[in-house]
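What follows is a set of notes on a single structure, which appears directly below.
Every number in this text was worked out from the coordinates using simple rules, so none of it is lab data. Since we're looking at a predicted model, the values are computed, not measured. Here the Cβ positions follow ideal geometry from the backbone for every residue, glycine too, while neighbour counts run over all protein chains shown.
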Amino acid sequence: MNIILKIKRYNPDTDKQPYVQEYKVDVQPNERLLDALMQIKRFQDGSLGFRKSCAHGVCGSDAMRINGKDGLACKTLVKDVVEKDGDIVTVEPLHHLPVLRDLIVKQDDFFNKYRAVQPFLINDEKMDRQERVQSPEERLVFDDTTNCILCGACYSSCPILDTKPDYIGPAACVQAFRFIADSRDRAKNERLQMVHTSDGVWACDNHFKCTQCCPRGILITKRINQTKQMIKELKGVKK
Amino acid sequence: MIHQFDTVIVGSGGAGLYAALEASQKSRTAVLSKLHPVRSHTGAAQGGISAALGNVEEDKAEWHAFDTVKGGDYLVDQQAAQTLAEEAIQAVYDLENRGLPFNRTKDGRIDQRRFGGHTRNFGEGPVHRACYAADRTGHMILQTLYQQCIKNKVSFFDEYQVLDVILEDNTCKGVVVVELATGELHIFAAKAVLFATGGFGRMFKITSNAYANTGDGPAVCARRGIPLEDMEFYQFHPTGIMGLGILISEAVRGEGGILRNRKGERFMERYSPKLLDLAPRDIVARSIQTEIRAGMGIRGDSKIDDYVHLDATHLGKETLKKKLPDITDFCKTYLGIDPADAPIPVLPTAHYAMGGIPTDMHGRVLKDADNTIVSGLYAAGECACVSVHGANRLGTNSLLDLVVFGRRAGQHIAEYIKSAKAAVVDDSAANDAREWISRITDGAAGPHGGHISEEMQTTMMEKVGIYRNAQQMQAAVDEIQALRKRYHAVRVQDTSKSFNTDLLEVIELGNLLDLSLVTAAAALQRQESRGAHSREDFTERDDEKWLRHSLAYLEGDTVRLDYKPVDTSIWEPKPRIY
């Protein structure tokens, strides 16, 4: 089938402003949007810039905005997009991050916010040739948050970031929860204190856009609300 | 621009990150990677990481080592396999202690499941050895190691593509790289360089590998005179999604999934009576191919793209949800089926390079059949060949390889740099790389790489695939040679500096063409069938002539082969029956 991709383009070396370029591509309905982009890149226009790697939704490279919805190009089938919105597909880079080239955004802000929540297990108890014990129930509490591939789709979709650019964003909240809820971690209170700010979990206003677009099915908004609840239950928390 | 470090690590998957954790504690370390570290292909590994913890049933490191040797059709260096199996146990505890969220047994210990070729008591039957985090074990290893690197403040240079390695007087002095964001060339001078660039499955048409798996490390080394070991051994994973090649983990069979032909027969009963669907991958992939050729594929037309069914319908929704959620998701997304209701259409997919840059057990690169060490040059992970996988890797041993040998290499580097002299490198070290990039980007009219890439992938898939013969492999060598000639005229369409992914693709294609040539040439020379190398014209394993590792030297447009002995100091090679 023939589809038209309307791709937002920008090259800092030559363009003052972003513009939209149209490409006609002949694709199989079962193919991924990434396959359509690759066809353009390899056989029509080598200058089209986008990131890609695993091509099956686990590395997080090719998050972009497809017909206004944030997601992974390799997890979006052409037929599903066309069925819903017709055979003209608009493709833009993720929002809330500066564009480096075409569909490629600068990820520094996103990853700096991720790093700021101390996304690593804190537990100094020495283990001598053995595992820490954790029941399947304890493990299940944070299971979905370990799915996060840091693709940035949630960060782009979040309406809060439109007006509040310092919000740490849904992904960083997910990562905070992942360790707050891990029975092996020993810094729960410090972690809750860390996200207990107006740019932390309290910035979230329950729009659920992140939850709706997450390509890894993480219940992001729910985890943020659980974090808020834990903060409330924590005695002596100072705002 | 010239940067000065003690240690430079190229690649940020499991091996690179583990090495970085070790090396960065005692040396100024930079990690260079073409991708952001969390995008690395380690993250796509699904089923598990093996270690004889014995959490579910009795197990021993010795059994694990033996299975690894036998699984590799005795081309494995046996002391290395023993080290792998012994250090596996602490490696898994270490990952858990650092936060890896493994699935748990009822009593809260790391859960384990069965996997192909892993057996109890030297082959009696399948054993629960694979430690796992649902079917995203690789993702969790990558995340955990990256988290630890953040904690330990490792320096990353993300989205830098390696172009060349600087070797002088048998000593490594650094690497030449291009920064993708700016197009600028950089020299990273270092006392020690570790290549951990992963695999090169993108030389094949149908592959489970990421676009980024283009063998940059091995190609760069090969062009500087380092041989590549055992390149003829390339693993086809039995179960990729039909047409797409997306991996369907062996864990599906580990949890009880069954392969069936068009009659619904469990055909593995005929090929591997004892281990059935959990035979090693080379055997299962061949069995599928044999069924398809005999008209027993689901369509029954014997064509190369016919397929078989992987039946997981009897496992139940609960097991699929708890233990195989990503597989379930892939099936729904790409096939529109729920594996709880319908069998999965599968076909072998190019998956893993057993061969690569020859190293010793400390990751030190060896440059000839006498095992001469290249000072300051290291390799680990899929791009390296220790060799613990021999002629066929067992499932779960790749993640283990990354962790065990990534760590060992990092530790050795930390010691090595103490007494090594600072590398003195001037700008001329980048001349060859600069010339290469200038040629590709000189604005001259030339073909684009797209067609060459497609032809390469088709040639390798059809002629250097699961079953091989001299005529086809010779044709592959000739075709790849012709493609390499055409490659010299290739030019980018995009001549701008900022984030030029067109240039990146052309660089990667050059690497894949070089490695395709080496793979095809090494395969043509080996006149026997062993592990993943199955020849229709030499159907038997021939220990007398071929129980030896190949070393392939890329010398301009030719490939010269040499050989070195295999360490068989523990177990005498025997016929491989499962």
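Here is how the numbers come out for the structure above:
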read-out	value
In region A:68-152, GluC sites (Glu not before Pro) in a DSSP loop with at most 10 other beta-carbon atoms within 10 Å	A:GLU125
Share antiparallel - DSSP beta bridges, the protein assembly as shown, percent rounded to 5	70 percent
Shielding score for B:334-341, defined as the mean number of other chain Cβ atoms within 10 Å	2
Cα centroid separation - region B:107-155 against region B:186-246, whole Å	23 Å
For B:THR495, B:THR458, order by how many other beta-carbon atoms lie within 10 Å, fewest first	B:THR458, B:THR495
Relative contact order %, region A:2-105, counting alpha carbon pairs below 8 Å whose residues are six or more apart	34 percent
Rel. contact order, % - alpha carbon contacts under 8 angstrom, at least six apart, chain A	18 percent
Loop-located GluC sites (Glu not before Pro) in region B:483-570, at most 16 other Cβ atoms within 10 Å (DSSP)	B:GLU536, B:GLU540
Residue-averaged 222 nm ellipticity for chain B, from DSSP H runs of 4+ at -39500 (n - 2.57), nearest 500	-10500 deg cm²/dmol
Simple label model, 7 Å out from Cα along Cβ direction - A:GLU138 to B:HIS3, nm	4.0 nm
Selection from A:ILE7, A:LEU72, A:VAL105, by position along the positive dipole direction of region A:1-110 (Cβ)	A:VAL105
Likely footprinting exposure, B:TRP546, B:TRP571, fewest C-beta neighbours within 10 Å first	B:TRP571, B:TRP546
Lysines with Cα under 16 Å of B:LYS263, excluding same-chain neighbours fewer than 8 positions away	none
Whether the protein assembly as shown is rounded, prolate or oblate, judged on the alpha carbon gyration tensor where a/c under 1.5 counts as rounded	rounded
Virtual spin-label span in nm between B:SER419 and B:ILE373, 7 Å along Cα→Cβ	0.9 nm
Reachable aspartates and glutamates from A:LYS113, criterion Cα separation under 12 angstrom, eight or more residues apart if same chain	A:ASP166, A:ASP199
Qualifying trypsin sites (Lys or Arg not before Pro) for region B:268-325 [loop in DSSP, other Cβ within 10 Å: at most 14]	B:LYS274, B:ARG299, B:LYS303
Cα gyration tensor shape of region A:61-152, rounded if a/c is under 1.5, else prolate or oblate by comparing a/b with b/c	oblate
Inter-chain Cβ neighbour average for residues B:96-108, partner chain, 10 Å	6
Cα centroid separation - region B:407-434 against region B:290-350, whole Å	47 Å
Euclidean distance of C-alpha centroids, region B:368-387 and region B:490-535, integer Å	20 Å
Aspartates and glutamates with Cα under 12 Å of B:LYS317, excluding same-chain neighbours fewer than 8 positions away	B:ASP338, B:ASP341
Averaged over B:145-158, number of beta-carbon atoms from partner chains that fall within 10 Å	2
Relative contact order (%) - chain B, alpha-carbon pairs under 8 angstrom, separation at least six	21 percent
Packing-based exposure ordering (other Cβ within 10 Å, fewest first) of B:SER550, A:SER47	A:SER47, B:SER550
